[in-house]
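Only the coordinates and a few stated rules stand behind these numbers; no lab work does. Owing to the predicted nature of the structure, the values given are computational and were not obtained by experimental measurement. FYI the Cβ positions are ideal-geometry reconstructions off the backbone, even for glycines, and counts take in every protein chain you see.
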Amino acid sequence: MIVRTLKDCENSNRNIDGGTWKSVRMLLADDNMGFSFHITTIFKGTETPIWYKNHLESVYCMSGYGEIETCDDGKVYPIEPGTLYILDKNDKHLLRATTEDMEMACVFNPPLNGKEIHDEDGAYKLNDETLA
Ligand code: 9YT
């Protein structure tokens with residue numbers, strides 16, 4: 001059994017700065033759960049290009065407003081509190097927070113190791129660096 005609080009994780013090396021976002025990675029690969037779990041803030045007024053080629057991700061919006069655009073077909077889906085989006089096809093997308101920061105709960109399979117930030121394609125590499 002493992003118990004962690006958001007506050008403790010925020011004040012540790014689990015708090016990762018992505019520029020247009022920050023992510024508190026509360027559960028990681030070394031917990032051996034088969035997925036990782038993060039609380040992510042997407043900053044108001046930003047657009048982030050993302051393409052998780054190596055991971056499946058699902059994202060639940062707890063607060064804030066924005067939208068996600070899938071690049072293959074140009075479809076735009078609004079995001080509001082209560083919205084879950086599921087990138088079941090490793091969908092390349094643009095993530096925008098519009099009128100407020102968005103607070104998101106994110107799950108990744110396979111789990112992240114800890115220090116990943118987006119590469120030039122908006123992806124995370126597999127077997128990237130673990131936390132120190
Ligand atoms: C929603 C999303 O993918 N944001 C980028 C950060 C990511 N959630 C992460 O690394 O925790």
Q) If the cut-off is a Cα-Cα distance under 13 Å, which aspartates and glutamates reach LYS115, setting aside same-chain residues fewer than 8 apart in sequence? A) ASP17, ASP30, ASP128, GLU129
Q: Quickly work out the ASN13-to-GLU100 label distance, labels modelled 7 Å from Cα along the C-beta direction, and quote it in nm with one decimal.
A: 3.5 nm
Q. Between region 59-132 and region 31-50, how many Å separate their Cα centres?
A. 6 Å
**Q.** Cβ-defined net charge surrounding VAL76, 11 Å radius [Lys, Arg +1; Asp, Glu -1]
**A.** -1
Q) If you put +1 on each Lys and Arg Cβ and -1 on each Asp and Glu Cβ, how big is the dipole of region 6-109 around its Cα centre, in Debye rounded to 20? A) 140 debye
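Determine the alpha carbon to alpha carbon distance for each of LYS89/LYS125; LYS7/LYS125; LYS22/LYS53 and list only those over 24 Å. Walk me through the numbers on the way to the answer.
Values: LYS89/LYS125 17 Å; LYS7/LYS125 28 Å; LYS22/LYS53 20 Å.
Cα-Cα > 24 Å for LYS7/LYS125; rest within.
Based on the inverse mean of 1/r over its pairs of different Cα atoms, what is the Kirkwood hydrodynamic radius of region 1-130, in Å?
Details: mean 1/r = 0.0677 Å⁻¹.
When all Cα pairs of region 1-130 are included, the Kirkwood radius is 14.8 Å.
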Q: Pop the C-beta distance of MET62 and LYS125 into the FRET formula with R0 = 25 Å and round what comes out to the nearest 0.05.
A: 0.35
Q.
Show me the ranking of peptides 46-58, 118-130 by mean Cβ neighbours inside 10 Å, starting with the highest.
A. 46-58, 118-130
Q: Work through the residues other than MET62 whose Cβ is under 12 Å from its Cβ and net out their charges, Lys, Arg +1 and Asp, Glu -1.
A: -4
Q: Go ahead and estimate [θ] at 222 nm for the chain from helices alone: -39,500 (n - 2.57) per DSSP H run with n ≥ 4, summed, over the residue count, rounded to 500.
A: -500 deg cm²/dmol
